[in-house]
Every structure is written in structure tokens, then in C-alpha cells.
Amino acid sequence: MTTLIVLSALGLVCLFSEILGFRKLLHPIVLIGLLASFVTNLMDWNNGAHLFNEMVVIDNYSVAFMGLMIGITFIWCLMSPDFFTEPSSETDHFALIVFALIGTMVMVTFANMIMLFLGIEILSIALYILAGSHKTKLSSNEAALKYFLMGSFATGFLLFGIALIYGATGSFNLAAISSMISEHHEQNSVMIVAGILMMMIALAFKVSAAPFHFWAPDVYQGAPTVITAFMSTVVKTAAFAAFYRLFIHTFSASPAIWAPTLMIISGLTILVGNITAVYQTNFKRMLAYSSISHAGYMVLAILAMNQSASSSLMFYATAYSISSITAFAILLLVSHQTGSDEIRSFNGLAKQNPFLSAVTLVAMLSLAGIPPTAGFFAKYYIFSAAIQNGYLGLVLIAILGSLIGVFYYFRIIIALFKSESEEKEIKVNTLFRVLLLVTSLAALALGIAPGMLAGLI
Amino acid sequence: MVLTILVALPLLTALIIALSPVKLTRMIAMLGSGLQLILSLVLLQNFLSERNVGNNAPFLFESNASWFPALHINFHLGVDGISVAMILLTAFVVFAGVLVSWKVEKMTKEFFLLLIILSAGAYGFFISLDLFLLFFFLEVAVIPKYLLIGIWGSGKKEYSANKLALMLMGGSALVLVGILGMYFSSGGSFDLVNLSTFHIPEYVQKIFFPFLFIGFGVFTAIFPFHTWVPDGHSSAPTAASMFLAGISMKLGGYGCLRVATYLMPEAAHYYSGYIVLLAAIAIIYGAFATMMQTDLKYINAYSSVSHCGFVLLGIGMMTKTAITGAVLQMVSHGLMTALFFAAIGMLYERTHTRAVKDLGGLMKMMPFISTVFFIAGLCSLGLPGFSGFVAEMTVFVGSWERSGLFYHVATILACMSIVVTAVYILRATGQSLMGPVKNENFNGLSDAQWNEKLAAVVLISGIVAIGVMPFWLNDLVSPGTEAIYNQLSRIALLK
């Protein structure tokens, strides 16, 4: 809980910095604030609590995901100082990011449907603005508008679902709903079924699972690259943490209602994401589709519904976020200095900058799920959890999907080593160098010693 | 301990290469792979002396450490005679591969780095007794190949690299499914030793055996999944071709034998007819396809399909002699084909052509290289005195032991492919080495350098050592093959 208070205070400090005139100090203040919240969050480990009349629950699951998201946000803040140098919007950007982070915190600690809704809204409203924060760019405005329209639609579904379930069970409390569903044999109630499915649609939208993924490529491509990086790592992790908590803690008594649908969503997401990514020539858009396909794999963890499911989801989210943030940091560097985010601009990178190409290699291998990187174990862990629950066919599709994935991730790798290059040297400053080294080493370390994180929760 | 060093040494070499200046790269790579070769010989010696004092445990030098406890994954290492033979093969080929790549100028450091990492994957694969670990190393060995072909290759290299990587990844995905199937049907074990005593239900075996066998089969060019071989080999740089044909294809053969057949004997029996059929098709189709080729690398690539068919044939026949023959063929073909590719690489570097019709009379200015090429050819067509003869003969004898008309016909057909082999080998060597010099520019070309000579001598000594004294290799591998055979015959007795 302290974590949430620290972050909220941080958000307010950001807003007031403009008036009180310490804008220049804001970047370090935010970093210190994030570190402080990381520490207070860690203090909750094995120290769970139910707060505010069963509105909020803090357990190891939430601590782990909150730690991951704060950590990724910290890395993110380090890698995107350029984004904040525009004097006009500096304070707003910082405040919005911190508020978005608060939204994600609420999304993993909810014990009540209302809190889930609040969390998603706090997060989404901040994101709508951030997606459009390149005010002069048409594509950024388009992204914001698209995201806003589609996002509000999804929110509508979510509220409708909550209302229907409230109607059937008379409660917003997850535990109460869960026991109502399992004890009173309400499984067949039309309101319950419709409510669960509507909430599933809303969450599938938030995690950009097919067929609710159409917003993702345009929004990801149109939004400023740093915001895309935030959306495809922290936001996605939060959405999955919420998805998992809602469906496993509340609706697990009646998987027959939602599991078949979710199974189709998962398979479809994996295939659509991977196959479409093959045809992309723009690196950013390719990452958008790759992020869609990864959503498909993570849905497998929700379907698995067993002991290792939550820790496999956590592991996957970590591996994916680390590699993804690395890829976006590389894209930032490359597109900033070549002026384009096409795959072409990676040509010949190996010769100009061996360090950058080595970290790109690790990030791509990890996203493709190839040893000895974190992505490999993450995929394996999640697949084996799903097989345990009898989803062999779906795992076969997932494996097929990762094969297709190999094709487009490898295309980047080959581009790195192409001889024709645009003679433009890409410079990496020390901060980025350290940052990329740390994330790449983390990806390798998790691939070589996965025991560090697996089985944690 | 020796086994851990066997994986650690290449990784250490790779690390040193990465950190040291480009000038020293070649030296370090040579020293590293040379040390590795010595280490493998030490391993052989230790292994033999352990066996001599009567240590009859199925796997020696076992070490077991927990790696990922949540999923029961262990770092379980251990070797039997078959693995030792494969490790020796790998060490020979890697050392020779490093030597023939002496002149690589483009991104030298990265080239040797990948070569050494690739070898680490292969070593790890051969010493793993944990299926997950085995799979891990199998995947590790694929990526460097992709890069080696895609970056340093020639011709349509990107197409070939993609094709190879996707097919091999596809193969390993099938392997993963098979391994997971065994894991869940055995109550959660990846341990090869445990699984070999655990009786996996027959219906489960029948489902997952094809996944494993075809998955590994892709690596060893099982028909109809052999199409990566010609493209991959022809585009790859010399050392990568040597690795691909010499080691990579053996990963598949070893996996088919050690994992698929050893752990699922009933299903292996059940499917043996199909295996033999596919192997026979690969042998004959490969041989005839080779006859049509005009490019030396394609000739060797297609002939590899044919020769690796013998490995699968030996496994499919499931008699003790045939399985031993399959292992011998893996070692023999690995050395022979590496030598062949090395010789082709040396010729190409000088003449800049690989088309048989453009070459001719090379024996006059390049006696050493031509002789090497000729020896590789003779080994390939199975001349007594070289390893090819020993291996193929063992496979044929073993295959004939399997009763049944179908198996006899397959054996006879496979035997007849030897004639076709002789035709294409003699034609290719004759046209390119003998006769008048066709191209005047060839007259000033130089013969092999010290590094190339050393590489050739290392490989030839391996080939001759097996060809002249086959018994040591036979004695080395036969306890291992016997264990596999016993596993198979135990099932036959039960029925």
C-alpha cells in the first residue's frame, strides 16, 4: 500500500514542479521516487494484507508483478530522456507516466471489480494522452484517437460485464462472486455467462489479443516510440496480471464458460500476430505484431490454471518485457540517427557498431524464444504449464507460431550483417550502453539460470 | 569433470576470442580447438581404461546437478561409447574446420566465434543425459549455422540460411513435442537413464515416436525433409559445410538412436518398416540425384543425403550389427564428408569455380589437394582400407540379418547404390583431377598451405585409423549399441 502512496505523491510532485519551478530536477526525482516505491514494494513480500474492506489485496503475486512493472518503468525512464526534453510537456509527461503506473498497480492488487475498473481507467486515460503526445504529428493524433475510441468501447464492455455479474451475484467482491458461482450452481445463469464473456472481451482488447487486436498496430506505430515501448511492456504486463487474477481467482470454478473461447482467442492471436509480422517492413510495426503474438502465448498461462501458471506468466512477462524494452531502446537509437524505423535502417549495423548489433541479437533471440536466452525458458515454461492442463493441440499451434516467429526475428539478425550499409555511424552514449548491457545480460542470465525467478510465486 | 570442461572449454575459447584483438583470433581458435581435440583423446583414454578395469555402468563420468528444479530439469552429463565416438568426431572436424578457415577476412572474429559456439552446442548435445538439456544444446547449435551461412555464405545465401534454419527449427520443435510427451507420460522426468527403465505406455510411444524420429530425422536429412541439405551446403562457407555435414547431420542420427529408439523401443519396432522405407528412398534417390549434379558442392551434398540414409537404414533394421554399423557410418561419414568439403573449399579458393566441367587436370599443379580430394572420393565409394567400407559393410551385414522379404529387398537396393556412388565419384574426380588442363589460368595456382595440409592430415588419419583398424572403434561403441539393442529385443521377448 505504501507503494501506491509513494507513487501518488510522486505524481503530484511532478505536477507541482512546474508551478514551484524545479522542473530541471524532475528526472532524478522521478527515478528516486521509482526506486523508493520499488523498495517499499519489496517490503510487502511475504507480508500480504487485505485492505480497505476487501477492496485491495496485497500478496506475493501482486508484489512480484508490481516489482516487475516498477523496474521496467525505471529502465524506461532512463532510456527516454529525449522524450522529456521538450520543455512544454515535460511535467505532464512525467506525471502521466507515473499515473499510468499507479493504474497498473491498482490493476494487480484489486480484490473488487470496482478497483479493477478504476485501475484500467487510470491507466487508459493517461495512455490516451501519451499516445497523442507528438502533438504536431498526424500519425500520433490518429493513434490517440483510435486508441481512445476503441479503448472506451472496451471499457463499456467491461462495465457491462461487471454490471451483469453484480446483477447475478449481488456483489463486487471477487471472493464473494467466486463462492456464489461455485456454491450456488449459478454457472448456467445467462447473466453470469454473458458477464464473464464481456469482461473477457474487454480484457482481450486491453492485451491486444485477436480478434480484438486491430487497434494495436496503428496505435503502436503512430504513438511516439517511447510510449509504444511503455505500452507493449508495462501496460501489457499489467493487463495480463489483471486478466489472470480475475479469471483464476474468480471464475476458475466455471472454466467451461470461458476456456473454450479463450482457447480460440489464444490460437488465433498466435497465428495472426506471427503471420502478419512476417510481412512487415517497418521495425516498429513488426514489433507491434510481435507483441500481439506474445499476448497469445501469455493467454496460455491463464488457460493452464495450475500451480505453475502464475509463475510461468510472471516469467514470461519478465522475459518478454526485458527483451522488448531492449528492442525498443535499440529502435530509438537507430531511428533517431538514421531517421527511419524501417528494417532497412538496421542493414550493416554489425560493422558500424558491433556492440549494438550484439544486444540486438540477444533481444531478437529472446523474443524468438531461442536458447540460451530468457525467451526460450519463458516459452517452454508456459507451454509445459498448458500441456499439463491438456492443451496439447493449442501448444502445437503455439510451437508452430514460434517457428513462424523465428523467420521474422531472424530477418533482423541477417539485416545486421548485410554488407550494404548507409555509412551513417550510429553512436551509443554511455547511459544507453550500460542500459542495453544490463538488459541483455539479464535476458541471458534468466536463460541460463531460470531458477532465479521461476517458482517465485 | 572432464565432461564439464568439454563444454566449458569452447565457451571459454569463444569468450577469449570476443575479448582479444582480431589479429590473435585465428591463433586462439586453433589453440582452443586443438586443446579440445587433446581433451577428447584424453576422454577416450580415460573411458577405455575405466572399461578395462571392468566398469560396466551404461554411462560413465556421470554428474548430475539441478538446473531448474521447478520443472525437474537437471544438468545431467554422462557418456557411453557412442557419445565418445561422436565427441572424437566433433573434435576432429572442428579442428580441421578452424584450420581451413584460416583465410577468412570478412569479420574474422565473429566467424571464429560462431564456429566455436557451434562446436560447444554439439559437444553439449552428445554428453547430455537430460532430454531438456539435450534439446537446449540442439537449439544452441542451430543459430550459428544460420549466421554462418547467411553472412559468410555464397550464392543465394539468405534463402538457404532461412530454409535451413526454419527446417531445423521445425525439426527441433517436433523433438520438443516428443520430449514433452515423454515427460508427461512418465510422471515428470527428463532423465534419460530413468526413462530407459520406465515403461512408457505403448500407445503413448506410438503417438510421440514419429515426432521424435522425424524431428531428429530432419537434421539427418530423412526423406522428404532433406531439401535443406543441398541448398544449405552449397551456400555455406567451407568450414560451415564441414560442420553441417560432419557434425550437424550426426546430431540427428544420434538423437534418433539415443532418444527415439532407446526410449521408445516398442514404437521403434512398430515403425521400423517405415523407417527402412524412408531410408531406402533417401539412399537411392540421393545417389541418383547426385549423378545429375555438376557442382562439386551439390555432388557432395546429395551424396550426404544418400550416405546418411545408411545411418537411418541401420537404425531401422534394429539388429545389433546394423545399429553398430549406423554409428560407424556416422563417424565415418562425418570425417569423410568434412574432408570432401575441405578439399572442395581449397579447390574453389584457387580456381573460383566448382563446376566439374570447368575443372580438369588439377593434379598437375595441386597434387596435394587433388590427392586429398581423391582420398575423400575413394572413402565415399567404400574402398576397403578407408572408413567408408567398414561402416557400410557393417550396415549391410546387419541389415541382412533382419529377416523378411521387405527388409532383404531394401538391403539389396541399398547395396546397389554403391555402384551409382562409384559412377558419380569416379566421374567427378576423373574429370576435375585428371586429363589435360582445361583452363590456362589454372597453371600458376599453388598447392596447399601448411594449415590446409594439417587439416587434411588430421581428417585422413581419422579415416585411415578406422579403415585399417576398425576393431577399436567397434569395441568402443558396441557396449552402447548393445544396450540399445537389448532395449529393443527385451520388447520382442515380451511379446
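The values are calculated or read from the model by the stated rules, or taken from the named source; none is laboratory data. All figures in this text were calculated on a predicted structure; none of them were measured in a lab. Heads up, the Cβs are rebuilt from the backbone with ideal geometry, glycines too, and the neighbour counts pull from every protein chain shown.
Determine which member of the set A:MET314, A:MET286 is in a helix (DSSP H, G or I), under 22 Å from the mean Cα position of the chain (by Cα) and closer than 28 Å to A:ILE457 by Cβ. Show your work before the answer.
Values: A:MET286 fails: closer than 28 Å to A:ILE457 by Cβ.
After ruling out the rest, the residue left standing is A:MET314.
Applying the criterion of at least 2 residues that are of a type in the set (Ser, Thr, Tyr) and at pLDDT below 90 to the helices (runs of 4 or more DSSP H) found wholly in region A:96-192 leaves A:138-169, A:174-183. Among the residues of region B:28-82, those that are free of Cβ contacts under 8 Å to residues at least 60 places away in the same chain, within 14 Å of chain A (Cβ to nearest Cβ) and not aromatic (Phe, Trp, Tyr) comprise B:ALA65, B:SER66, B:PRO69, B:ALA70. Restricting attention to region A:285-341, the residues that are in contact with an Asp or Glu (Cβ under 7 Å, 6 or more places away or on another chain) and polar (S, T, N, Q) total 2. Scanning region B:140-152 for residues that are among the β-branched types (Val, Ile, Thr) and within 9 Å of chain A (Cβ to nearest Cβ), we see that the one that is farthest from A:ILE448 (Cα to Cα) is B:ILE151. For region A:382-399, taking the residues that are over 21 Å from A:TYR244 (Cβ atoms) and over 23 Å from the mean Cα position of the chain (by Cα), the one that is modelled with the lowest pLDDT is identified as A:LEU392.
Residues that are buried (at least 21 other Cβ atoms within 10 Å of the Cβ) and free of Cβ contacts under 8 Å to residues at least 40 places away in the same chain within region A:181-215 comprise just one, A:GLY195. Would you check if B:LYS106 is within 14 Å of chain A (Cβ to nearest Cβ) and under 15 Å from the mean Cα position of the chain (by Cα)? No: the conditions fail for B:LYS106.
Table: residues versus (1) away from chain A (no Cβ under 14 Å); (2) touching a residue at least 60 places away in the same chain (Cβ under 8 Å).
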{"residue": "B:GLY178", "(1), (2)": "no, yes"}
{"residue": "B:THR197", "(1), (2)": "yes, no"}
{"residue": "B:GLU202", "(1), (2)": "yes, yes"}
{"residue": "B:ILE207", "(1), (2)": "no, no"}
{"residue": "B:PHE211", "(1), (2)": "no, no"}
{"residue": "B:ALA221", "(1), (2)": "yes, yes"}
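Quick check on this structure: which one of B:GLY155, B:GLY170 is at the interface with another protein chain (Cβ under 8 Å from one of its Cβ atoms), surrounded by fewer than 21 Cβ atoms within 10 Å (Cβ to Cβ) and touching a residue at least 40 places away in the same chain (Cβ under 8 Å)?
B:GLY170
Go over the candidates B:PHE137, B:PHE126 one by one and state the one that is closer than 20 Å to B:LEU174 by Cα and either more than 14 Å from chain A (Cβ to nearest Cβ) or in a strand (DSSP E or B) (or both).
After ruling out the rest, the residue left standing is B:PHE126.
The single residue among A:LEU78, A:LEU31, A:LEU10 that is surrounded by 20 or more Cβ atoms within 10 Å (Cβ to Cβ) and hydrophobic (A, V, I, L, M, F, W, C) turns out to be A:LEU10. Taking each residue of region A:364-381 that is more than 7 Å from chain B (Cβ to nearest Cβ) and more than 16 Å from A:ALA301 (Cβ to Cβ) and looking for partners that are assigned to a helix (DSSP H, G or I) and of a type in the set (S, T, N, Q) with beta-carbon atoms closer than 6 Å, six or more apart or interchain, yields A:SER366/A:SER323; A:LEU367/A:SER323; A:THR373/A:SER366. Summed over region B:294-330, the residues that are farther than 30 Å from B:PHE471 by Cα and without any contact (Cβ under 8 Å) to a residue 60 or more places away in the chain give a count of 0.
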